[in-house]
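What follows is one structure encoded as structure tokens, with my remarks underneath.
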Amino acid sequence: MAEGIAGIISGIDTERLIQAMLQAESQPIKLLQGQLSALKAKGDAWNLLRAQMQTLRDLTADWQKEETWHPYRVSVEGRQGVTAALADPLKALPGIYRVTVQSLAQGEILLSAPGAVADATLPLGYTGTFSIQGEAFTLSGNESLEDLARLISSRSDITGVRARVVTPYDPATGTSGPALLLESARPGSSQRIAFSDGTSGPSGSSLLVHLGILQSSADSYAQASAVVQAAADTLVQVNGVTYRQDTLTLKGVIPGVEVSLAGARAGDELSVSVQPDEGALRQMVSRWVDAMNSLLQSIRSATRYDPDTRTGGPLQGDVEVLLLQQALGRIPAALGELGVRQTAEGSLVFDGGRFDQAWQKDPQRVRDLLAGAGGAAPRLLDELDGWLKTGGFFDAARKVRESQDQMLQDRIRRLQDFLRQREELLRRQFNAMEDAMARMTQLSQSLQAAINLMTVQAQYGKKA
């Protein structure tokens, strides 16, 4: 019997009955899915703690860096867009540095002779090889001026030279014509565009000579008439001393400081101030306190228990997270002198004023408490590294969760396969029952018809 008419003979809603039976037998799957969700929530909670612990570790490790204890604030006046940054705090010397910009480094720009090519789209007819900054380019004879520009620009990441076709105006002749513009992205006099030219073509000269870039194919650099902008270095005076550099970034001129002149102009008078940053260490400790509070808050959230809903956080009752919480709680006690104290609920409060007083009174004492042997940093790093290191707790716990996840997934799949087979069996059994009942009904109807016929025949026999 077809499944679509199941229950018509028996009067039983077999579909509802089957679904009810399957629903009851699927309870183990729901339990396993609940365990799977709980396992994922636990993994997410640990992943959050791991990320926050890594942040805390990085901030703590900064305390042990020598440059941390030599904080400086660098600023520039005189031209908006000029910036300066501390490059090496150990070399920095406080003071005011007067910088006079005499010239700025720039890349070379070359322009071919405007009348050398009449149509930038027609083949030039030159074959052979030429090079730019040592990079070879081979021509077949079919390349136009526009093709040549694209070819050169396609390797600008190697040569530092870009090319494009422009149409400059020649005031001497009063005409305009296509020309090849070459621009070096690398500033400095040492970065002049170098050529070699072994091409030949219809003009009888090499391509670069025909274009007016080189005077002779034996030359390595452009002739003066092709130079639109000469390659140049940066020249500055710093406190009366002249320095020459081939970039727009001054390095090694002001001790421990780099100055970007990208927004400067020749003739600018700049003032670069390098001063001790009294608030840098306080801000560093403040960021550390914030990171510790974020971690402690996440631990409290993950281990909470709500008596109203009788539900707990994903790590509620987890022994490892309790051990972590206890270990973190022991560290801040050593920082009380520096304005760090712990509240009753476990959060940290930082008194920046008290820290400043401690630093002004005895900087070495502050450094010892934070980064010295037996200080907060070595103890906390030792604790955190035990959890975070390769092969440590997090790696081991992740492998266990992955194994548990796979096991639960396998059990769920097996049970789902069993339920599919169970459903097929139940449908066959109910269909068989419906078939049997249909046959019994048909037989009953046939017997009833025979009895009725016999009764009629008997009644007619008596009358006869």
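For region 190-219, what are the residues that are of a type in the set (Ser, Thr, Tyr) and touching a strand residue (DSSP E or B) at 6+ places or on another chain (Cβ under 6 Å)?
Just the residues of region 190-219 that are of a type in the set (Ser, Thr, Tyr), to begin with: 190, 196, 199-200, 203, 205-206, 216-217.
Correct list: Ser196, Thr199, Ser200, Ser206, Ser217.
Counting only residues that are within 30 Å of the chain's Cα centre (by Cα) and surrounded by 11 or more Cβ atoms within 10 Å (Cβ to Cβ), region 405-421 holds 1 of them. At least 1 residues being more than 27 Å from Val166 (Cβ to Cβ) is the threshold, and among the strands (runs of 3 or more DSSP E) wholly inside region 181-259 those reaching it are 234-238, 241-245, 249-254. Against the definition (touching a Lys or Arg at 6+ places or on another chain (Cβ under 7 Å), over 24 Å from Leu181 (Cβ atoms), at pLDDT below 95 and of a type in the set (Gly, Ala, Ser)), how does Gly263 come out, yes or no? So Gly263 passes the test. When the residues of region 300-334 are narrowed to those that are of a type in the set (A, V, I, L, M) and farther than 18 Å from Met53 by Cβ, which ends up surrounded by the most Cβ atoms within 10 Å (Cβ to Cβ)? Once the filter is applied, the top-ranked residue is Ala334. Does Thr303 count as without any contact (Cβ under 8 Å) to a residue 12 or more places away in the chain, more than 26 Å from Gln360 (Cα to Cα) and among the polar types (S, T, N, Q)? In short, no.
Here is a yes/no grid of residues against (1) in contact (Cβ under 8 Å) with a residue 24 or more places away in the chain; (2) exposed (fewer than 15 other Cβ atoms within 10 Å of the Cβ); (3) within 19 Å of Asp62 (Cα to Cα):
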site: Gly353; (1), (2), (3): no, yes, no
site: Leu370; (1), (2), (3): yes, no, yes
site: Ala377; (1), (2), (3): yes, no, yes
site: Leu388; (1), (2), (3): yes, no, yes
site: Arg398; (1), (2), (3): yes, yes, no
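The set of residues in region 163-184 being surrounded by fewer than 17 Cβ atoms within 10 Å (Cβ to Cβ), within 42 Å of the chain's Cα centre (by Cα) and not hydrophobic (A, V, I, L, M, F, W, C) consists of Arg164 alone. Within region 201-224, restricting attention to residues that are in contact with a Leu (Cβ under 9 Å, 6 or more places away or on another chain) and more than 20 Å from Leu124 (Cβ to Cβ), the residue that is surrounded by the most Cβ atoms within 10 Å (Cβ to Cβ) is Tyr221. Scanning region 185-226 for residues that are within 43 Å of the chain's Cα centre (by Cα) and of a type in the set (Val, Ile, Thr) yields a single hit, Ile193. Taking the stated definitions as given, is Ser37 under 32 Å from the mean Cα position of the chain (by Cα), in a strand (DSSP E or B) and surrounded by fewer than 16 Cβ atoms within 10 Å (Cβ to Cβ)? It is false that Ser37 is under 32 Å from the mean Cα position of the chain (by Cα), in a strand (DSSP E or B) and surrounded by fewer than 16 Cβ atoms within 10 Å (Cβ to Cβ). If you check Leu49, Leu90 for being in contact with a Leu (Cβ under 9 Å, 6 or more places away or on another chain), touching a residue at least 12 places away in the same chain (Cβ under 8 Å) and either loosely packed, with under 13 Cβ neighbours inside 10 Å or under 30 Å from Ser294 (Cα atoms) (or both), only one passes: Leu49.
Quickly run through region 337-350 and pick out the residues that are exposed (fewer than 13 other Cβ atoms within 10 Å of the Cβ) and outside any loop (DSSP other than H, G, I, E, B).
Of the residues in region 337-350, the ones exposed (fewer than 13 other Cβ atoms within 10 Å of the Cβ) are 343-345, 349.
Within region 337-350, just Val349 meets the criteria.
If only residues of region 106-138 that are in a strand (DSSP E or B) and touching a helix residue (DSSP H, G or I) at 6+ places or on another chain (Cβ under 7 Å) are counted, the one that is nearest to Gly212 (Cα to Cα) is Leu111. Exactly one residue among Thr129, Thr167 is in contact with a strand residue (DSSP E or B) (Cβ under 9 Å, 6 or more places away or on another chain), farther than 15 Å from Phe195 by Cβ, in the same structural domain as His210 (by TED's automatic domain parsing) and of a type in the set (S, T, N, Q), and that residue is Thr167. Residues in region 267-283 that are crowded, with 17+ Cβ neighbours inside 10 Å and not acidic (Asp, Glu): Leu270, Val272, Val274, Leu281, Arg282.
A quick yes/no check of all residues on (1) within 18 Å of Asp13 (Cβ to Cβ); (2) in contact with a helix residue (DSSP H, G or I) (Cβ under 7 Å, 6 or more places away or on another chain); (3) in a helix (DSSP H, G or I):
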{"position": "Glu423", "(1), (2), (3)": "yes, yes, yes"}
{"position": "Glu434", "(1), (2), (3)": "yes, no, yes"}
{"position": "Met440", "(1), (2), (3)": "no, no, yes"}
{"position": "Leu447", "(1), (2), (3)": "no, no, yes"}
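The values are calculated or read from the model by the stated rules, or taken from the named source; none is laboratory data. In this text, all values refer to a predicted model and were calculated from it rather than measured experimentally. Quick reminder, even Gly has a Cβ in these numbers, built from the backbone with ideal geometry, and neighbours come from all protein chains shown.
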